[in-house]
Amino acid sequence: MSEEKTTGKQNALVNALTKSNMTAMGVVLIILILIASVASPYFLDIYNLQSVVRDLAFVGMIGIAQSLLLLVGELDLSVGKIASLCGILSGIMMVHWGWNSWLSLIIALALGLVFGCINGLIITKLRLNSMVATIGMQGVYGGINLVLTKGKAITGVPENIQFLGKGAIGPIPYPFIFCVLVLIAVLFLVKKTKTGRYIYAIGNSREAAKILGIKVDKIRVMIYSLVGLISALAGVLYVARLGSAQSAIGENWPMNSIAASVIGGVALTGGIGNPAGALIGAAVISIIQNMIVLFGVNVYWQSAVSGLVTVAAISFSSISAIVREKRQRKVKLG
């Protein structure tokens, strides 16, 4: 009898891990934290933990935004350049033009919304592939960055906003608080509203969604606009963290955001996943990168490791599907 109970618990655990990539990666995250805690005496240092949480907040925010697009089967590779451009524009308004710093941040956020909307309109109205179109827009926004800055950083960002990037409430950095607020808002959108149900429907079948009367293109443009807004938020927070606006902000965010989403169980094909998984994926990436630094491994390996983790996550998803299919066949065969 005890053996049957043990087998039942094991089967339940396997089902839970194979059913949800997000659950499995949550377990992986816990294992990574335990390994890092044991292997390095510095990992649990409050300064190091704050640094990790602050870093994952930015990738997490962009990852959550990217997951919205992945849910409809699309992606945006210009998120890093939108973040950088909005950060640069906020710096110009505050430093060069002498505008009120809070007004400058609000305008920068609004511009991010506009840039995202432009992406959405170009893709929907011209029926372009999202990856190809946003690669092109990445060049446009990046070019504007260089024209405005000539490759130089804009220094002298007012100190009254720097707490947004450098400060914390207790041990929790402000950027992570913003990241959690973004996640709550996105989860409310996808889980509690009619629009959220439409997002999943579009991801499962765009043509079927159109037949049902869903305004597919309108929702797609809305999502691109939200992605632009969240990217701008990450950009201005990073400017506040650095105390300067730089064109190099967000260089790795596009690929890391896709990696975080996929690691967290959001399918590249659309219609499957939970935006909360993107935050778990961002945490996995950030902890691995932190472990590389703590263990004295060459920092140039960070990109390679992130790529390997992404491939492993995609492979895990496929393996999970194969395991589910085999189990279902066994059940049918009795």
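Numerical summary
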item: Leu85 in contact (Cβ under 8 Å) with a residue 60 or more places away in the chain and not in a helix (DSSP H, G or I); result: no
item: Residue list for region 90-109, filter: in contact (Cβ under 8 Å) with a residue 60 or more places away in the chain and touching a helix residue (DSSP H, G or I) at 6+ places or on another chain (Cβ under 8 Å); result: Ser90, Gly91, Ile92, Met94, Ser101, Leu105, Ala108, Leu109
item: Meets criteria (more than 26 Å from Ala83 (Cβ to Cβ), out of contact with any strand residue (DSSP E or B) (no Cβ under 6 Å at 6 or more places or on another chain) and crowded, with 17+ Cβ neighbours inside 10 Å) for Tyr198; result: yes
item: Matching residues, region 273-310, being part of a loop (DSSP other than H, G, I, E, B) and in contact with a Ser or Thr (Cβ under 9 Å, 6 or more places away or on another chain); result: Gly273, Asn274, Pro275, Phe295
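Here's the yes/no breakdown for (1) under 12 Å from the mean Cα position of the chain (by Cα); (2) more than 23 Å from Ser130 (Cα to Cα); (3) not acidic (Asp, Glu):
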| position | (1), (2), (3) |
| --- | --- |
| Pro254 | yes, no, yes |
| Ala260 | yes, no, yes |
| Ile280 | yes, yes, yes |
| Gln289 | no, yes, yes |
| Val293 | no, yes, yes |
| Gly296 | no, yes, yes |
| Val311 | no, no, yes |
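The rows are residues; the columns are (1) modelled with pLDDT under 95; (2) among the polar types (S, T, N, Q); (3) touching a Leu at 6+ places or on another chain (Cβ under 6 Å).
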residue: Gly8; (1), (2), (3): yes, no, no
residue: Ala12; (1), (2), (3): yes, no, no
residue: Ile33; (1), (2), (3): yes, no, no
residue: Ser40; (1), (2), (3): yes, yes, yes
residue: Asp55; (1), (2), (3): yes, no, no
residue: Gln66; (1), (2), (3): no, yes, no
residue: Val72; (1), (2), (3): no, no, no
residue: Ile82; (1), (2), (3): no, no, no
residue: Leu85; (1), (2), (3): no, no, no
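The values are calculated or read from the model by the stated rules, or taken from the named source; none is laboratory data. What you see is a predicted model, and the numbers here were worked out from it, not measured in a lab. All Cβ positions, even for glycine, are placed from backbone atoms using ideal geometry, and neighbour counts span all protein chains on display.
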